[in-house]
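*Asks:* Supplied in structure tokens, the structure appears directly below.
The values are calculated or read from the model by the stated rules, or taken from the named source; none is laboratory data. Computed from a predicted structure; not experimentally measured. Backbone-built Cβ (ideal geometry, glycine too); neighbour counts: all protein chains shown. Remember, those area values only see protein heavy atoms, side chains included, never the ligands or the DNA or RNA. Shrake-Rupley method; radii C 1.70, N 1.55, O 1.52, S 1.80 Å.
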Amino acid sequence: MAAFEKFRFSSLDEFKGKIKELGLDIPVSEDISILGEPVKVNQKTAPNSIAILPMEGCDGDLDGSPSELTIRRYRRFAGGGAGLIWCEACAVTIEGRANPLQLFLNENNVEKFRELTEMCRKEAEEKNGYQPLLILQLTHSGRYARPFDNGAPMIAQHDPLLDPKVGITEAYPTVTDSYLDRLQEKYVHAALLAERAGFDGVDIKACHRYLVSELLAAHTREGKYGGSFENRIRFLLEVIRKVRKAVGEEFIIASRFNVFDAHPYPYGFGVSRDGEWIPDLKEPLKLVKCMTEAGVDLISNSAGNPYYRFPQVTRPFDSPILQGEIPEEHPLESVERLLGFTAKIQEAAGAIPVVGNGYSWMREYLPYVGAAEKKSGKCMFVGLGRQAFAYPDAPRDILNRGKMIPQKCCIACSKCTQIMRDHGKTGCVVKDSECYLPLYREAREGKS
């Protein structure tokens, strides 16, 4: 591992020089026109190859509806020119919400979600002349559930490293098989509501140690949802199959899942028995095959647990959250790892599009890397996460200007993450300061 450094590049040549110096496999292409190519997903088509990854604002209304602040964020995303907007985590049950303001689509607010999708399409058409695909991420937050002001964790298995962090003792109950059986129908119902609300598809979320992600790693769990690989993937695959049966063939089913938990065996998925820092992708690659056979049309891969150690595994940064640790690796090494996972997942997925991630830290140089990755068949979409908070019109600048404007880029300062840790409403404190600096300060004061 190389020494940690902040982003300090004044030219593309300097950026390429650092990649060469570190001996990393991060390709660069100065021709980025390929990012303007449409991508077919199931029977629908995204107008270009740039995606907005699911970036949660923690700012819905108490009833789960999109608030004015939620609508403002998606108006910016929609007008920004991306071909695919992967909308943020939306709980399928009250008890599965990650916070009291997490989106929660239900019978009483489906029309408010329809207003959101109609606004997105109208804004995109007016600003860009085309409409993006809209995918809604369906989730149950599991051990990180906090539907009210206090935590209410629901765990798939006991974990001696994670349990103490949320106040769980050995006597704390795990979710039952019967609860998981009933929960499958909640996902199906939410998918049908999402279809009514005008979304093009749904994501069965299985990343970042939320409930479905933890089930994938539930080696120590007994019963039909734990132990063997077939049991651990059972819930995810059964949900996918049931949703497909309910929505028909044209509605998109996606899954954003963890390829590598960076968490020790037997509590992690995609990790070697020889150490938490060593990926073992045999099971994740098998899962990709199983998901595509079950009916998945679109995949996004992620890694790590942003609530635990090694946050750079999920999102490389310049500055950690408050009291956070500086990684013992260069951020470009973190980027290379994420890009490598995407390449392997795309190979396993075949013709099914995979959305790459890990680009935001590279700022204005990300289009050159994304274009090179797409040209070599290592992904079909280039996904923007934190970058979309800071620079929602980055896709339009990439496609129309042929470049990103450095002054508008995310600086990987982790303040958007800090607001979430402080249980506030999140966005870019630096580039959207008029809106989010007061919210950052409010959340900080609430923690003092």
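*Asks:* For the condition β-branched (Val, Ile, Thr), more than 23 Å from residue 392 (Cα to Cα) and buried (at least 21 other Cβ atoms within 10 Å of the Cβ), what is the one hit in 39, 92?
*Replies:* 92
*Asks:* Sticking with this structure for a sec: Of the numbered conditions (1) buried (at least 17 other Cβ atoms within 10 Å of the Cβ); (2) under 23 Å from the mean Cα position of the chain (by Cα), residue 241 satisfies every one except a single condition; which is it?
*Replies:* The one condition residue 241 does not meet is (1).
*Asks:* For residues that are in a helix (DSSP H, G or I) and without any contact (Cβ under 8 Å) to a residue 60 or more places away in the chain, scanning just region 338-352, find the one that is surrounded by the fewest Cβ atoms within 10 Å (Cβ to Cβ).
*Replies:* 347
*Asks:* Also: Which numbered condition trips up residue 180, out of (1) open to solvent by 60 Å² or more (accessible area, probe 1.4 Å); (2) among the hydrophobic types (A, V, I, L, M, F, W, C); (3) in contact (Cβ under 8 Å) with a residue 40 or more places away in the chain?
*Replies:* Looking at each condition in turn, residue 180 falls short on (1).
*Asks:* One residue is enough: does region 151-171 have a residue meeting the conditions within 22 Å of residue 61 (Cα to Cα), open to solvent by less than 50 Å² (accessible area, probe 1.4 Å), free of Cβ contacts under 8 Å to residues at least 24 places away in the same chain and not in a strand (DSSP E or B)?
*Replies:* Yes, region 151-171 contains at least one residue that is within 22 Å of residue 61 (Cα to Cα), open to solvent by less than 50 Å² (accessible area, probe 1.4 Å), free of Cβ contacts under 8 Å to residues at least 24 places away in the same chain and not in a strand (DSSP E or B).
*Asks:* Wholly within region 353-448, which helices (runs of 4 or more DSSP H) include no fewer than the required count, namely at least 1 residues that are modelled with pLDDT of 95 or more and open to solvent by 40 Å² or more (accessible area, probe 1.4 Å)?
*Replies:* 366-375, 415-421, 433-447
*Asks:* Which pairs do you get when a residue that is farther than 18 Å from residue 392 by Cβ, found in region 117-142, comes within reach of a residue that is among the aliphatic types (A, V, I, L, M) and open to solvent by 20 Å² or more (accessible area, probe 1.4 Å), reach meaning Cβ atoms under 7 angstrom, with the pair 6+ apart or on two chains?
*Replies:* If the second residue must be among the aliphatic types (A, V, I, L, M) and open to solvent by 20 Å² or more (accessible area, probe 1.4 Å), the pairs left are 142/154.
*Asks:* Does at least one position in region 195-214 carry a residue that is surrounded by fewer than 16 Cβ atoms within 10 Å (Cβ to Cβ), over 21 Å from residue 307 (Cβ atoms) and touching a strand residue (DSSP E or B) at 6+ places or on another chain (Cβ under 9 Å)?
*Replies:* So far as region 195-214 goes, no, none of its residues is surrounded by fewer than 16 Cβ atoms within 10 Å (Cβ to Cβ), over 21 Å from residue 307 (Cβ atoms) and touching a strand residue (DSSP E or B) at 6+ places or on another chain (Cβ under 9 Å).
The rows are residues; the columns are (1) modelled with pLDDT of 95 or more; (2) farther than 18 Å from residue 237 by Cα.
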position	(1), (2)
279	yes, yes
292	yes, no
300	yes, no
306	no, yes
310	no, yes
317	yes, yes
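*Asks:* Continuing with this model, one more query. Could you pull out the residue among 118, 123 that is surrounded by fewer than 16 Cβ atoms within 10 Å (Cβ to Cβ) and either of a type in the set (Phe, Trp, Tyr) or more than 20 Å from residue 154 (Cβ to Cβ) (or both)?
*Replies:* When all the criteria are applied, what remains is 118.
*Asks:* Within region 11-32, how many residues are open to solvent by 60 Å² or more (accessible area, probe 1.4 Å) and more than 25 Å from the chain's Cα centre (by Cα)?
*Replies:* 8
*Asks:* Also: Which of the residues that make up region 1-46 are of a type in the set (Gly, Ala, Ser) and not in a loop (DSSP other than H, G, I, E, B)?
*Replies:* Across region 1-46, the qualifying residues are 17, 33, 36, 46.
*Asks:* What pairs can you find where one residue is in region 233-251 and farther than 11 Å from residue 202 by Cβ, the other is open to solvent by 30 Å² or more (accessible area, probe 1.4 Å) and polar (S, T, N, Q), and their Cβ atoms are less than 6 Å apart, with a gap of 6+ or different chains?
*Replies:* Listed pairs, sorted by first residue: 250/43.
*Asks:* Only one of 46, 51, 2 is surrounded by fewer than 21 Cβ atoms within 10 Å (Cβ to Cβ) and either in contact (Cβ under 8 Å) with a residue 24 or more places away in the chain or among the polar types (S, T, N, Q) (or both); which?
*Replies:* Of 46, 51, 2, the one residue that is surrounded by fewer than 21 Cβ atoms within 10 Å (Cβ to Cβ) and either in contact (Cβ under 8 Å) with a residue 24 or more places away in the chain or among the polar types (S, T, N, Q) (or both) is 2.
*Asks:* Residues being open to solvent by less than 10 Å² (accessible area, probe 1.4 Å) and in contact with a Cys (Cβ under 6 Å, 6 or more places away or on another chain): count how many of those fall in region 244-283.
*Replies:* The total comes to 2.
*Asks:* Okay, moving on. Looking at region 276-328, which of its residues are touching a residue at least 24 places away in the same chain (Cβ under 8 Å) and at positive phi?
*Replies:* 295, 304, 310
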